[in-house]
1. Tell me, which strands (runs of 3 or more DSSP E) wholly within segment 109-180 include 1 or more residues that are of a type outside the set (Phe, Trp, Tyr) and under 18 Å from LEU15 (Cα atoms)?
2. Quick check on segment 1-38: of everything there that is more than 10 Å from the chain's Cα centre (by Cα) and among the hydrophobic types (A, V, I, L, M, F, W, C), which residue is modelled with the lowest pLDDT?
3. For the structure I just gave you, tell me whether VAL146 is over 16 Å from the mean Cα position of the chain (by Cα) and either buried (at least 17 other Cβ atoms within 10 Å of the Cβ) or within 17 Å of ARG16 (Cα to Cα) (or both).
4. Can we say LEU84 is touching a residue at least 24 places away in the same chain (Cβ under 8 Å), touching a helix residue (DSSP H, G or I) at 6+ places or on another chain (Cβ under 7 Å) and either assigned to a strand (DSSP E or B) or of a type in the set (Ser, Thr, Tyr) (or both)?
5. With the condition kept exactly as written, say whether any residue in segment 32-52 is surrounded by fewer than 20 Cβ atoms within 10 Å (Cβ to Cβ), acidic (Asp, Glu) and without any contact (Cβ under 8 Å) to a residue 60 or more places away in the chain.
6. Go through segment 158-167 and give me each residue that's touching a residue at least 40 places away in the same chain (Cβ under 8 Å) and open to solvent by 60 Å² or more (accessible area, probe 1.4 Å).
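The values are calculated or read from the model by the stated rules, or taken from the named source; none is laboratory data. Quantities reported herein were computed from a predicted structural model and do not represent experimental measurements. Neighbour counts are summed over all protein chains in view; Cβ atoms, including those assigned to glycine, are modelled from backbone coordinates with ideal geometry. Areas reflect the complete protein model, heavy atoms only, side chains present, ligands, DNA and RNA absent. Shrake-Rupley method; radii C 1.70, N 1.55, O 1.52, S 1.80 Å.
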Amino acid sequence: MVINPADRHAVETALRLKEQHGGKVVLVSMAPPEAGTTLKEGLAMGADEAYLLSDRAFAGSDTLATARVLTAGLKKIGSFDLILAGSASADSGTSHMPSQLGELLGLPHLNCLIDLSLESSVLKMKAKTEYGYVEYEGCLPMVLGVAREINKPRYISLMGIVAAGNKPLITWGLHDLGLS
């Protein structure tokens with residue numbers, strides 16, 4: 001019950017974009033109820049609010065079922081400009097989530113980013129490949145998967161831990177999301 005290492009880099013990327021351009025960082029996770037503690041860690045890093053999508057019916061989900069649950073949660077939350085995820089999961093080593101979310105949401109998506117900047121409404125990105133990297137440009141909204149090379153996540157401060165206690169952590173289950 002820890003933050004997926006690649007997802008920690010996604011949170012850090014989101015926080016840096018917020019510091020540069022404003023906005024709000026919202027965490028969304030599909031996990032058992034105990035993951036609320038893990039989401040509090042992300043709130044302590046500086047995220048503004050968190051949503052835990054948790055229901056016994058979600059147990060044993062493959063990546064597509066997980067993407068469908070996350071998509072339902074994102075749609076219920078409402079508008080967003082950018083969805084950031086870790087490029088791969090630590091538990092099963094899959095790297096499907098950013099692409100599956102992008103497809104289900106009908107948004108452009110890219111994975112394995114090692115660099116990302118926002119200039120006006122244009123995203124400038126570098127995605128790692130087997131032999132180096134490829135540069136891309138894109139417009140918001142997008143779904144992006146970030147690799148560990150993109151940054152070094154910040155440490156959590158005592159003030160961050162105290163502040164996390166006052167930030168919203170909302171839990172939704174199967175019926176809250178309108179899923180069967």
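1. On the way: elements: 109-119, 122-129, 132-139, 142-146, 169-172.
Counting at least 1 such residues, we get 109-119, 122-129, 142-146, 169-172.
2. MET1
3. On the way: over 16 Å from the mean Cα position of the chain (by Cα): no; either buried (at least 17 other Cβ atoms within 10 Å of the Cβ) or within 17 Å of ARG16 (Cα to Cα) (or both): yes.
Against the criterion (over 16 Å from the mean Cα position of the chain (by Cα) and either buried (at least 17 other Cβ atoms within 10 Å of the Cβ) or within 17 Å of ARG16 (Cα to Cα) (or both)), VAL146 does not qualify.
4. On the way: touching a residue at least 24 places away in the same chain (Cβ under 8 Å): yes; touching a helix residue (DSSP H, G or I) at 6+ places or on another chain (Cβ under 7 Å): yes; either assigned to a strand (DSSP E or B) or of a type in the set (Ser, Thr, Tyr) (or both): yes.
Spelling it out, LEU84 is indeed touching a residue at least 24 places away in the same chain (Cβ under 8 Å), touching a helix residue (DSSP H, G or I) at 6+ places or on another chain (Cβ under 7 Å) and either assigned to a strand (DSSP E or B) or of a type in the set (Ser, Thr, Tyr) (or both).
5. Checked segment 32-52: at least one residue is surrounded by fewer than 20 Cβ atoms within 10 Å (Cβ to Cβ), acidic (Asp, Glu) and without any contact (Cβ under 8 Å) to a residue 60 or more places away in the chain.
6. ILE161
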